[in-house]
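Each remark here refers to the structure printed beneath this line.
The values are calculated or read from the model by the stated rules, or taken from the named source; none is laboratory data. Just so it is clear, the structure is predicted and the values come from calculations on it, not from any experiment. Positions of Cβ are generated from backbone atoms using ideal geometry, with glycine treated the same way; all protein chains shown enter the neighbour counts.
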Amino acid sequence: MLLASVTILVGLVVLIWSADLFVAGAASIAENMGMSPILIGLTIVSLGTSAPEIIVSFTAALSGAGDLAIGNAIGSNIANIGLVLGITVLVAPMMVHESCMKKEMPILLLVTFGTGALLIDDVLSTIDAWLMVGTLVLIIVHMVRSQQQDEVLAVEAAEENLPHLAPTRAWLYFFAGLGLLIASSHALVWGSVFVAETLGVSELVIGLTIVAIGTSLPELAATIASAMRGHTEIALGNIIGSNMFNLLAVMSIPGIVGSENLERAVITRDYPTMTFLTVFLAAAIIISRRRTRSRAGHAYLGRTVGVLLVALYALYYYWLYLSI
């Protein structure tokens with residue numbers, strides 16, 4: 001048990017560190033090839049912050065721990081809104097740009113309800129999984145085309161401190177990060193499965209808690225850093241983009257590997273919680289916009305919203321505790 005716990009801790013630390021190496025290398029390679037900052041932010045950085053979840057999900061699925069992978073995806077989304085965004089808004093209240101309200105947030109809501117409809121039968125089939133991946137590709141193409149023309153986002157993205165590495169060093173970071181991601185994900189999955197079996201709890205619960213929080217730490221760091229620099233649109237965009245990646249890429253992996261039967265709690269407890277938090281965030285943005293009409297086209301997320309999000313996240317954990 002002690003060895004498994006240490007393995008989980010070391011696996012999470014290396015996972016997060018290697019994700020930073022991977023993103024730094026990939027972003028620098030893209031920049032050296034002439035890709036624009038906003039395009040790098042929308043694709044490589046968003047995918048990179050979800051790399052821990054993607055690699056862990058793939059490793060878990062291949063190891064026969066599909067519930068861990070699904071718990072990781074859903075739990076990470078719950079953590080991203082309740083914990084990451086909640087803490088970020090408490091630290092630095094943010095303005096929400098009009099494009100987020102009219103484009104990204106509605107897309108996330110559609111993805112959330114659409115994916116839920118595919119899973120309502122308690123099965124993540126191969127067809128479901130490939131539909132999710134296809135939807136992700138369409139969304140990425142749409143967002144890249146629309147947001148490259150967004151002047152506010154373009155300015156914020158250009159001001160982001162994206163890594164600048166020489167070509168040789170960029171490729172070294174990229175491959176080192178990828179290799180460590182794979183190795184640490186294997187260690188994390190092994191430790192998590194061992195702890196679940198020892199404590200007599202399901203792999204789903206371990207994925208929803210320990211693994212989800214650990215793999216959400218890159219989003220927490222990236223989001224708070226962007227918000228503290230005043231780049232609130234990119235900060236919120238990190239959350240929305242990561243949640244879409246988690247639903248359509250991370251959660252689809254077990255279905256691609258092989259059809260996965262879901263625990264009933266996924267549909268009755270976890271997915272509804274994630275959906276409620278997503279709808280709550282959208283409602284908070286809409287209500288805020290109506291109260292701040294003087295700032296045309298913008299909404300304001302204050303510390304009250306942050307307190308409510310963190311409180312809802314804590315209540316979900318209490319629900320999990322009662323369920324166990």
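Quick notes
- Within region 48-57, the set of residues being more than 20 Å from Asp122 (Cα to Cα) and either touching an Asp or Glu at 6+ places or on another chain (Cβ under 7 Å) or modelled with pLDDT of 70 or more (or both) comprises Thr49, Ser50, Ala51, Pro52, Glu53, Ile54, Ile55, Val56.
- Check on Leu90, in a helix (DSSP H, G or I), out of contact with any Pro (no Cβ under 9 Å at 6 or more places or on another chain), at pLDDT 90 or above and surrounded by fewer than 19 Cβ atoms within 10 Å (Cβ to Cβ): no
- Only one of the listed residues (Ile44, Ile81, Ile107) is at pLDDT 90 or above and either within 29 Å of Arg169 (Cβ to Cβ) or surrounded by fewer than 18 Cβ atoms within 10 Å (Cβ to Cβ) (or both). That residue is Ile107.
- Filter pass, Met105 being outside any helix (DSSP H, G or I) and either without any contact (Cβ under 8 Å) to a residue 40 or more places away in the chain or within 19 Å of Ser288 (Cα to Cα) (or both): no
- Among the residues of region 199-215, those that are more than 20 Å from Leu315 (Cα to Cα) and crowded, with 24+ Cβ neighbours inside 10 Å comprise Glu203, Thr215.
- Residue that is surrounded by the fewest Cβ atoms within 10 Å (Cβ to Cβ), among those in region 110-125 that are aliphatic (A, V, I, L, M) and assigned to a helix (DSSP H, G or I): Ala117
- Within region 175-198, tally of residues that are over 18 Å from Ala69 (Cβ atoms) and buried (at least 19 other Cβ atoms within 10 Å of the Cβ): 1
- Matching option when the condition is in a helix (DSSP H, G or I), under 30 Å from His186 (Cβ atoms) and at pLDDT 90 or above, among Asp67, Asp128: Asp128
- Selected residue [at pLDDT 85 or above, closer than 22 Å to Val189 by Cβ and not charged (D, E, K, R)] from Ala284, Ala314, Ala249: Ala249
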